[in-house]
Amino acid sequence: MSKVLYVHAKGGPPLGHALSRVAARSAVHLLALSALPPTLAATAERRCASVLAPTAQEQHDLVSLIVARAQAVGADAVVTFSEYAVVAVAEACEKLGLAGAGSSCVLARDKRMMRRTWREQGISQPRFRPVACEQDLHDAASALDFPLLLKAAWSAGSTAHQIIRSPREVRAAWERSRAVMAESAQLGYAELHVAGAGADFLVEEIVTGSAEDWFDDPGWGDYVSVEGVVVDGEFRPVCLSGRMPTVAPFTERAGITPALLPQEAQERVVALAREAVDALDLVNCGTHTEIKLGADGRMWVIETAARFGGAMTIPQIEEVFGLDLIGMLVDHLLGRPVLWPTRARTPQEARGAAGSLVVLAVDGAGEPWPDRRVWDFPAVARAVPLGDGSRLSVVAENSLPDGDTVPVYDPAAGANTMAALCLLSAADPQTVLADFRTLVDALPHVLPAAVPEKDPS
């Protein structure tokens, strides 16, 4: 039987979903660089041939650790679905002579290198500058047009994003972004292989989106992601996912599959994604490419990742289009024949629609809830009216336990302050959008009020 070393870390598709798909194709040996979700620890022990949780000291030379573990278990393939481990796994696969993302994988991880590569090839993107210190940020602010977006070069989930509207805000934005990256590292949301990555930043001009120029229906956000895969160096687009408008500064609230773009518009978006992915010289990996949509047909590539989309993007694709992308990639890495899509699937080919909602303590306008609330999914399921045939569930491993207080939303921390992740299945994308708007409006009313903490004095 084939053997796969699965390198688990924070982020990516839910571990329970991904692990079950890998285990259906091979014997699985799990290398857990992050603690397993409590709800999945027993499941992982049953499904895996072995589970190893190395110490922090053992992770110091991560590539060597992965290589040694792969050799010890006789792995025929090594996989990860975490943004924070893709570079280490790609390098390990190179050393092992196994199929992987390739030596250029870092170009899809370090946003500075990614943007330089695209600039050299004339690919449409926002103007930017790399930033290594506060003076770099001041210099960039003098050269670029406000408003600007400061972001960490190795972050994910909109962590450490800061909008800068004038030179007076530069110092505070720099200090806050650096502090958030340090806090994220303590939570396990940080690059695992490249030393000092948390100190690398870039700043870019904020381009103006225009969802109404692209979508026939209201309620969509002004960017989409092209989900795909690179197979032996060839980009294969799978489908497009749409969004609700983000929460300030740019935190994702919800992803919806499929994106309800007209056919011609979808083809233009996929063509730009192909240019962006091809420029990075990836070999074998999932891809997730975000594209901003502007007025008069303008587009800008925001970023590409050498892994599948996070949250529930992959389960949504499987439900809507019947494509088990994780299982297909594992089969390919093991040398088995796989029938990959030759073009991106369209909304007309979808079996209904699915979306994932990140529960944040902000209302539909992005304003903070007036008081603290306790997460209670049964209360939500009972009280919130959804469309006919809609089905709502909670992703337990990515959510607080019922009874925990919902965190206050921190714009700089982004998704780090989420309370829960919910999955919705519905008849069509319009219903998903409508149900999500209903949920967002209802949450601060149907969730139980938190009991104020007593003053110790």
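I need the full set of residues from region 113-163 which are aliphatic (A, V, I, L, M), in contact (Cβ under 8 Å) with a residue 60 or more places away in the chain and either in a helix (DSSP H, G or I) or more than 17 Å from residue 199 (Cβ to Cβ) (or both), in order please.
Matches in region 113-163: 114, 123, 137, 140, 141, 144, 149, 163.
Filter region 431-457 for residues that are in contact (Cβ under 8 Å) with a residue 24 or more places away in the chain, surrounded by fewer than 20 Cβ atoms within 10 Å (Cβ to Cβ) and aliphatic (A, V, I, L, M) and give the result.
Matches in region 431-457: 434, 442, 446, 449, 450.
Report whether or not residue 396 is without any contact (Cβ under 8 Å) to a residue 24 or more places away in the chain and surrounded by fewer than 20 Cβ atoms within 10 Å (Cβ to Cβ).
It is false that residue 396 is without any contact (Cβ under 8 Å) to a residue 24 or more places away in the chain and surrounded by fewer than 20 Cβ atoms within 10 Å (Cβ to Cβ).
When region 176-221 is examined, which residues are found to be under 21 Å from residue 436 (Cα atoms) and among the aliphatic types (A, V, I, L, M)? Let's see the steps before the verdict.
Initial filter on region 176-221 (under 21 Å from residue 436 (Cα atoms)): 210-212, 214-221.
The one that is under 21 Å from residue 436 (Cα atoms) and among the aliphatic types (A, V, I, L, M): 211.
Hey, any hits in region 421-434 for a residue that's in the same structural domain as residue 447 (by TED's automatic domain parsing) and closer than 30 Å to residue 172 by Cβ?
no
When you look at residue 84, is it aromatic (Phe, Trp, Tyr), within 28 Å of residue 159 (Cβ to Cβ) and modelled with pLDDT under 95, yes or no?
yes
Can you tell me which residue among 327, 322, 335, 364 is closer than 26 Å to residue 399 by Cβ and not assigned by TED's automatic domain parsing to the domain that holds residue 390? Reasoning before the result, please.
Working: 322 fails: closer than 26 Å to residue 399 by Cβ; 335 fails: closer than 26 Å to residue 399 by Cβ; 364 fails: not assigned by TED's automatic domain parsing to the domain that holds residue 390.
Result of the check over 327, 322, 335, 364: 327.
Taking residue 80 as the residue in question, decide whether it is surrounded by 17 or more Cβ atoms within 10 Å (Cβ to Cβ), hydroxyl-bearing (Ser, Thr, Tyr) and more than 29 Å from residue 27 (Cβ to Cβ).
no
I'm trying to understand the selection: among the residues of region 88-106, which are of a type in the set (A, V, I, L, M, F, W, C) and either closer than 26 Å to residue 20 by Cβ or touching a strand residue (DSSP E or B) at 6+ places or on another chain (Cβ under 9 Å) (or both)?
Keep residues of region 88-106 that are of a type in the set (A, V, I, L, M, F, W, C), which gives 88-90, 92-93, 96, 98-99, 101, 105-106.
Correct list: 88, 89, 90, 92, 93, 96, 98, 99, 101, 105.
Could you figure out which of (1) surrounded by 14 or more Cβ atoms within 10 Å (Cβ to Cβ); (2) more than 26 Å from residue 249 (Cβ to Cβ); (3) touching a Cys at 6+ places or on another chain (Cβ under 8 Å) isn't true of residue 428?
Going through the list (1) surrounded by 14 or more Cβ atoms within 10 Å (Cβ to Cβ); (2) more than 26 Å from residue 249 (Cβ to Cβ); (3) touching a Cys at 6+ places or on another chain (Cβ under 8 Å), residue 428 breaks only (3).
This table checks each residue for (1) closer than 30 Å to residue 91 by Cβ; (2) crowded, with 22+ Cβ neighbours inside 10 Å; (3) not assigned by TED's automatic domain parsing to the domain that holds residue 436.
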{"position": "220", "(1), (2), (3)": "no, yes, yes"}
{"position": "235", "(1), (2), (3)": "yes, no, yes"}
{"position": "276", "(1), (2), (3)": "yes, yes, yes"}
{"position": "283", "(1), (2), (3)": "yes, no, yes"}
{"position": "303", "(1), (2), (3)": "yes, no, yes"}
{"position": "307", "(1), (2), (3)": "yes, yes, yes"}
{"position": "311", "(1), (2), (3)": "yes, yes, yes"}
{"position": "317", "(1), (2), (3)": "yes, yes, yes"}
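Looking at this structure, is residue 242 crowded, with 22+ Cβ neighbours inside 10 Å, modelled with pLDDT of 95 or more, in a loop (DSSP other than H, G, I, E, B) and in contact with a strand residue (DSSP E or B) (Cβ under 9 Å, 6 or more places away or on another chain)?
In short, no.
Could you tell me whether region 174-194 includes any residue that is among the acidic types (Asp, Glu), more than 21 Å from residue 309 (Cβ to Cβ) and outside any helix (DSSP H, G or I)?
no
Please go through region 39-50 and pick out each residue that is out of contact with any Asp or Glu (no Cβ under 6 Å at 6 or more places or on another chain) and either of a type in the set (Gly, Ala, Ser) or not in a helix (DSSP H, G or I) (or both). Show your work before the answer.
Taking region 39-50 first, the residues out of contact with any Asp or Glu (no Cβ under 6 Å at 6 or more places or on another chain) are 41-50.
The answer is 41, 42, 44, 48, 49, 50.
Take the residues in region 57-81 that are touching a strand residue (DSSP E or B) at 6+ places or on another chain (Cβ under 7 Å) and in a loop (DSSP other than H, G, I, E, B); name whichever of them is nearest to residue 301 (Cα to Cα). Break it down into steps so the answer makes sense when it comes.
So the first thing to find is which residues in region 57-81 are touching a strand residue (DSSP E or B) at 6+ places or on another chain (Cβ under 7 Å), and the list is 66, 69-70, 73-80.
After this cut, where a residue has to be in a loop (DSSP other than H, G, I, E, B) as well, the list is 74-76, 80.
On the way: 74: 39, 75: 36, 76: 35, 80: 24 Å.
The selected residue is 80.
Is it the case that region 245-253 has a residue that's of a type in the set (A, V, I, L, M, F, W, C), under 16 Å from the mean Cα position of the chain (by Cα), under 23 Å from residue 340 (Cα atoms) and not in a loop (DSSP other than H, G, I, E, B)?
Checked against the condition, which is being of a type in the set (A, V, I, L, M, F, W, C), under 16 Å from the mean Cα position of the chain (by Cα), under 23 Å from residue 340 (Cα atoms) and not in a loop (DSSP other than H, G, I, E, B), region 245-253 yields no hits at all.
The values are calculated or read from the model by the stated rules, or taken from the named source; none is laboratory data. Everything numeric in this text was worked out from a predicted model, so none of it was measured. Cβ coordinates were reconstructed from backbone atoms using ideal geometry, including for glycine residues, and neighbour counts include every protein chain displayed.
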